[in-house]
Amino acid sequence: MDFYLGGTVDITVHEVTKDKTLKELEKASGGDWGGTCVDNCFKDTLVDVITLEVMNEFRLKHTGEYIEFFRDFEMKKRTTNTTQQTRVTMRMPGTLPEFYEEMKSKTFKEAIQESKYSKSMKWEGDKLRITPALFEQFFSAACTGIVDHLHDLLNKPEVRGTDTILMVGGFSESPILQGRIKRDFQDYRVVIPNEPGLAVLRGAVLFGHDPSIISERIAKYWYGIASLAKFNPSIHKVEKKNNDYCDDIFETCVQRGTTFKLHESQSTGPYKPNRDDQQTMDFDIYVSDSIRPPMYVTDEGCYYLGTLSVDLPKVKKGKERSVSLNFIFGGTELHIQATNNVNTLVTRETFSFLDYKHSN
């Protein structure tokens, strides 16, 4: 099992095969429990003390110091071991207490003393000192989300036999998160490489040199084309009606959850042109991350990937023309081959998931 931690957490489950390649057992899943979740909890705590109005004004008028302040928190987040110190100390921007006093006509120390954090937070000179208990609270929501999701995944029959948890990504450097994972999953071997923040980048470089490292993948999305269907008033939306047909139908070509070997293809079709004089066929390619297969390409969760245009040769009267599609998965790209049945001419197009808002 692999962790990829950052703004969001992505967790995949792989099996090491006999030929030392990786077989994906469970498609990537996760949620917004990464380092950004911890940042937001810290920010919410400060807002409780100095108010959202002051925080927003400080961010706008002292942007450099605002960024530097949270950059310092980022370092503390990755390195602080709360079991080894009595206070977590952070450098406080000198202008923030002054800015607060100017807007609220009271001192920053008074604001802390009047808040619910009076016993867990202190301002001394240019330092903000926080108790380990409060600092750990910043991690509570993120750690709980990760742990609960891991338990759900590990209880699935598809991943039975998993014995190792590999943590990578910047947030994986946090001793607090590491301690929580080791404590809650004592029956598993927890592996954390040196510099886990760079492990994802290094892995991407290695994968670029040898994509065959991952021999089997699971389709994370529904893949399909925009199509037409005979209009049926009992199942189709009236606004989609176009004469006798229904527009914008999502015709599924690859089902979410399908397992693919490297460069294995999924064939669909054949598709016939609408007119005898038609010279090209355009296939608009869509993906969807919805739980159920979408009905229309305009449904929430559907995204346009691109268009594959296929030239149609002229044929003698009475001879039918058609095109078959092959979806081929490999790495970060989707390859689609369109084969013309008249002359077996193949048209190829590559769609990069790096251009798609949800990477595969």
**Message:** Quick check on my filter: what residues within segment 128-140 are of a type in the set (A, V, I, L, M) and open to solvent by 50 Å² or more (accessible area, probe 1.4 Å)?
**Reply:** Ala133
**Message:** I need a count of the residues in segment 145-158 that are touching a residue at least 60 places away in the same chain (Cβ under 8 Å) and open to solvent by less than 70 Å² (accessible area, probe 1.4 Å).
**Reply:** 6
**Message:** Can you list residue pairs whose Cβ atoms sit under 7 Å apart, with the first residue in segment 279-306 being in contact (Cβ under 8 Å) with a residue 12 or more places away in the chain and the second being assigned to a loop (DSSP other than H, G, I, E, B) and open to solvent by 70 Å² or more (accessible area, probe 1.4 Å)? Count only pairs 6 or more apart in sequence or on different chains.
**Reply:** Tyr303/Lys357
**Message:** Every residue in segment 59-75 that is free of Cβ contacts under 8 Å to residues at least 24 places away in the same chain and under 27 Å from the mean Cα position of the chain (by Cα), please.
**Reply:** Ile67, Arg71, Asp72, Met75
**Prompt:** Looking at segment 223-281, which of its residues are surrounded by fewer than 18 Cβ atoms within 10 Å (Cβ to Cβ), β-branched (Val, Ile, Thr) and at pLDDT 90 or above?
**Reply:** Ile235, Val238, Thr252
**Request:** Evaluate segment 50-60: report whether one residue or more is open to solvent by 30 Å² or more (accessible area, probe 1.4 Å) and not in a helix (DSSP H, G or I).
**Result:** yes
**Filter result for Thr89 (among the β-branched types (Val, Ile, Thr), within 17 Å of Ser120 (Cα to Cα) and touching an Asp or Glu at 6+ places or on another chain (Cβ under 6 Å))** = no
**Message:** For segment 340-354, check the following and say yes or no: at least one residue is part of a strand (DSSP E or B), surrounded by 17 or more Cβ atoms within 10 Å (Cβ to Cβ), at pLDDT below 90 and among the acidic types (Asp, Glu).
**Reply:** yes
**Item:** Per-region count, segment 73-105, residues open to solvent by less than 40 Å² (accessible area, probe 1.4 Å) and in a helix (DSSP H, G or I)
**Value:** 8
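Residues are listed down the side, and each one gets a yes or a no for (1) of a type in the set (A, V, I, L, M, F, W, C); (2) within 23 Å of Ser172 (Cβ to Cβ); (3) over 33 Å from the mean Cα position of the chain (by Cα):
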position: Glu57; (1), (2), (3): no, no, no
position: Arg91; (1), (2), (3): no, no, no
position: Phe99; (1), (2), (3): yes, no, yes
position: Lys106; (1), (2), (3): no, no, yes
**Request:** Being touching a residue at least 40 places away in the same chain (Cβ under 8 Å), within 13 Å of Tyr296 (Cβ to Cβ) and part of a strand (DSSP E or B) is the filter here, so list the residues in segment 239-271 that pass it.
**Result:** Asp248, Ile249, Phe250, Thr252
**Request:** May I ask you to say which residue of Gly170, Gly161 is open to solvent by 20 Å² or more (accessible area, probe 1.4 Å) and out of contact with any Ser or Thr (no Cβ under 9 Å at 6 or more places or on another chain)?
**Result:** Gly161
**Request:** Go through (1) at pLDDT 90 or above; (2) closer than 30 Å to Gly94 by Cα; (3) open to solvent by 60 Å² or more (accessible area, probe 1.4 Å) and name the single condition Glu124 misses.
**Result:** (1)
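The values are calculated or read from the model by the stated rules, or taken from the named source; none is laboratory data. Model, not experiment: these values are computed from the prediction. Cβ: placed from backbone, ideal geometry, glycine included. Neighbour counts: every protein chain shown. What goes into the accessible areas is simple: the full protein's heavy atoms, side chains included, and nothing from ligands, DNA or RNA. Shrake-Rupley method; radii C 1.70, N 1.55, O 1.52, S 1.80 Å.
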